[in-house]
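These notes are about the structure you will find just below.
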Amino acid sequence: IEVYPKTTAVLVRHHGIYVWGDSWISAKTQAECYHYLFDAAIKLHHLGLDWSTPDHGPTQNVKGFSSINSMIKRVATKAGTVDSNFKLQPYPRCVVLYIEGTTTPISFVTDVHFPYARDNVGRHLSATYNSAETQDDIKLLRSQVEDDLKQGVLGAVPIPSEDAGKEKVIASLVANVEAMIKADRKITALKQLQVSEHELKDDTFLELTFEKGLI
């Protein structure tokens, strides 16, 4: 800490990590960022890549035949691993496009992602309403809203049954989702709806992200 006075975390051997900030919001933000980075480091390690260097080279040597004397020796590879037939197999290559707070500012979520989700949730539900995935999302939202109504959560409105018609169901879902987004709630029902394969394939969403998100 004395060497790096601006650090916001310290890793204690055989114990864990301590994270802090100027406020609880700052500490929470830093903890989330470290979580993403540690997760990426573990995945790089599983891929046989060195997470501790910018080059992310291989972490181990592999056995292979020497082309000169046919004796088995250890051969370091820079591009991949050697399979059972001693053929070089390339390592998977990964590019980090977005990690909140690292490749983009924290405000990117509230300034870009939240407005996009709020403005397009109705269109998404209408277009995918009969799909199994969206029906699972709706079921989870129904359960969450029922709990919210019992607890008197601000912004929660009843979701009518399917007999009321698709339009009324979607309208109530949109109202609840907008209230959840406004309150910045960290709940599974909302995350499952926002992180969907349909939205990730939306060219408009990708263009918006890549145009304003990458730095």
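Restricting attention to region 132-158, which residues are outside any helix (DSSP H, G or I) and either on the phi < 0 side of the Ramachandran plot or not assigned by the TED database to the domain that holds residue 172 (or both)?
Those that are outside any helix (DSSP H, G or I) and either on the phi < 0 side of the Ramachandran plot or not assigned by the TED database to the domain that holds residue 172 (or both): 153, 154, 156, 157, 158.
Filter region 158-171 down to the residues that are over 27 Å from the mean Cα position of the chain (by Cα) and open to solvent by less than 50 Å² (accessible area, probe 1.4 Å), then identify the one that is nearest to residue 187 (Cα to Cα). Write out each step before concluding.
Quick first cut of region 158-171, residues over 27 Å from the mean Cα position of the chain (by Cα) only: 158-169, 171.
Add one more test, that the residue is open to solvent by less than 50 Å² (accessible area, probe 1.4 Å), and what stays is 159-160, 164-165, 169.
Values: 159: 18, 160: 21, 164: 26, 165: 26, 169: 20 Å.
Among residues in region 158-171 that are over 27 Å from the mean Cα position of the chain (by Cα) and open to solvent by less than 50 Å² (accessible area, probe 1.4 Å), the one nearest to residue 187 (Cα to Cα) is 159.
Just for region 165-186: of the residues that are at pLDDT 90 or above and among the acidic types (Asp, Glu), which one is farthest from residue 153 (Cα to Cα)?
167
Residue 144 fails exactly one of the following numbered conditions: (1) at pLDDT 90 or above; (2) among the polar types (S, T, N, Q); (3) open to solvent by 70 Å² or more (accessible area, probe 1.4 Å); (4) closer than 25 Å to residue 29 by Cβ. What is the number of that condition?
Result: residue 144 passes all but (3).
Considering region 130-152 alone, what residues qualify as being in contact with a helix residue (DSSP H, G or I) (Cβ under 6 Å, 6 or more places away or on another chain) and closer than 15 Å to residue 171 by Cβ?
Answer for region 130-152, where residues must be in contact with a helix residue (DSSP H, G or I) (Cβ under 6 Å, 6 or more places away or on another chain) and closer than 15 Å to residue 171 by Cβ: 141, 145.
Just a yes or no: is a residue in region 180-195 more than 30 Å from residue 34 (Cα to Cα), surrounded by 12 or more Cβ atoms within 10 Å (Cβ to Cβ) and not assigned by the TED database to the domain that holds residue 34? Full working, then the answer.
Filtering region 180-195 down to residues more than 30 Å from residue 34 (Cα to Cα) leaves none.
Checked region 180-195: no residue is more than 30 Å from residue 34 (Cα to Cα), surrounded by 12 or more Cβ atoms within 10 Å (Cβ to Cβ) and not assigned by the TED database to the domain that holds residue 34.
If residue 95 satisfies every condition in (1) modelled with pLDDT of 90 or more; (2) surrounded by fewer than 12 Cβ atoms within 10 Å (Cβ to Cβ); (3) within 30 Å of residue 27 (Cα to Cα) but one, which is the exception?
(1)
The values are calculated or read from the model by the stated rules, or taken from the named source; none is laboratory data. The structure displayed is predicted, hence computed values, not measured ones. Quick reminder, even Gly has a Cβ in these numbers, built from the backbone with ideal geometry, and neighbours come from all protein chains shown. Accessible surface areas use protein heavy atoms only, side chains included; no ligands, DNA or RNA. Shrake-Rupley method; radii C 1.70, N 1.55, O 1.52, S 1.80 Å.
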